[in-house]
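Note sheet for the following structure.
Read-outs: derived from the displayed coordinates by stated rules, not from any lab. Small disclaimer: the values here were computed from a predicted structure and weren't measured. Every residue, glycine as well, gets a Cβ built from its backbone with ideal geometry; the counts of neighbours run over all protein chains shown.
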Amino acid sequence: MKHESYSKEHGVYLRKQRLHAALVWGLRLGLLALLLGFWELSTACGWVDPFIMSSPSRIGKTIASLYNDGSLFYHVGITLGETLIGFVIAVGLGVVIALALWWSDTLCKVLEPYIVVLNALPKIALGPLIIIWFGTGSKAIIFMTVLVGIIVSTMHMLSAFLATNKNKILLLRSMGATKFQILRKLVIPSARPSFISMLKVNVGMAWIGSIMGEYIVSRAGLGYLIVYGGQVFKLDLVMSATCILCLLAAGMYFLVVLLEKILIKNTER
């Protein structure tokens, strides 16, 4: 029924959009295949040392070996769980703090310098303290993930809330709207695109935080495999864990993109 309501011109436009999307995906996959092929060829021909750079075939064999001995999903599950938990906590707390700062101008002015300083602080410097506070388990890694992402979430969402159209706020106030109604009806909906943008940024920050934490305290996980592989010069293991991290981060990013499309459709309705 929906397609019958489209005009001929609109149908042509939609077909062009689908063809363009297919072309983009084709070029993406083609570029990836080209890079992997050149990488494999470079190591096979001896242009680069496969011991140092590894190769797609060696990485495939290493991942298969991890799968066969049952450790692949164990390490992936630990890192993925820590990352997702830290991501959710960082995003949730960041939005709540940003709302509190938007609500109280005085609180915002008082805490803004501290937020800027915390954002500039190298989180890795807190590693020894985190070990003392939380031990050497997953709690320390999750805390590191939250620490890396929460300030970014707060600053990103606070900027979005403060950028709400002032004329619209004045209009709602002139109509007798309360501050909570302005927040619910105007500020939060207008910040929706920024929320999606913040999620996209925080995908990378969450993985940085979890791997940084695993570098410091982990006994399992992909970060642990990278550290262990570097220590014993198993660089195929290092590259394999890195490639798995890339795939997981890409999958998480595309889930955010899917959420964005769902929100856009609901908004258009």
Checked region 1-104 against the a/c 1.5 cut and the a/b vs b/c comparison, axes a ≥ b ≥ c from its Cα gyration tensor; verdict oblate
At 7 Å along the Cα-to-beta-carbon direction for both Lys179 and Asn266, put a label point, then send me their distance in nm to one decimal.
2.7 nm
By how many degrees, 0 to 90 and rounded to 10, does the Cα axis of helix 222-231 deviate from the longest principal axis of the chain?
40 degrees
I'd like the Karplus ³J(HN,Hα) series for region 123-137: coefficients 6.51, -1.76, 1.60, θ = phi - 60°, whole numbers in Hz, and an x wherever there's a Gly or Pro.
5, 5, 5, 8, x, x, 5, 5, 4, 5, 6, 10, x, 10, x
Quick check: the angle from helix 8-44's long axis to the longest principal axis of the chain, C-alpha only, nearest 10 degrees?
30 degrees
If I take R0 = 35 Å and measure r between the Cβ atoms of Val96 and Val257 in this structure, what FRET efficiency does the formula 1/(1 + (r/R0)^6) give, to the nearest 0.05?
0.90
Okay, helix-only estimate at 222 nm for the chain: each DSSP H run of n ≥ 4 adds -39500 (n - 2.57), divide by all residues, round to 500 deg cm²/dmol; what do you get?
-27500 deg cm²/dmol
Entries of Lys109/Lys179; Lys16/Lys200; Lys139/Lys234; Lys166/Lys200; Lys179/Lys261; Lys109/Lys166 with Cα pairs more than 21 Å apart
Lys16/Lys200; Lys139/Lys234; Lys166/Lys200; Lys179/Lys261
Kindly identify region 1-48 as rounded, prolate or oblate by the Cα gyration tensor criterion: order the square roots of the eigenvalues as a ≥ b ≥ c, call it rounded if a/c is under 1.5, otherwise compare a/b with b/c, prolate if a/b is larger, else oblate.
prolate
Can you bin region 50-268 into rounded, prolate or oblate? Criterion: square roots of the alpha carbon gyration tensor eigenvalues sorted a ≥ b ≥ c, rounded for a/c under 1.5, prolate for a/b above b/c, oblate for the rest.
prolate
Inter-label distance, nm, simple model (7 Å from Cα along the C-beta direction), Asp69/Phe38:
3.4 nm
Given Cβ point charges of +1 (Lys, Arg) and -1 (Asp, Glu) and nothing else, what value in debye, to the nearest 20, does the dipole of region 169-269 about its Cα centre take?
660 debye
Could you calculate the contour length gain from Trp103 to Ile132, that is, 0.36 nm times the residue separation minus the distance between their Cα atoms, to one decimal place in nm?
6.9 nm
With the crude spin-label approximation of a point 7 Å out along Cα→Cβ, what separation in nm comes out for Ala125 versus Leu170?
4.4 nm
Between region 152-189 and region 1-70, what is the separation of their alpha carbon centroids in Å?
42 Å
Using only Cα atoms, find the angle between the long axis of helix 56-68 and the longest principal axis of the chain, and express it within 0 to 90 degrees, rounded to the nearest 10.
90 degrees
What number comes out for the charge environment of Tyr224, summing +1 per Lys or Arg and -1 per Asp or Glu over other residues with Cβ under 12 Å away?
-1
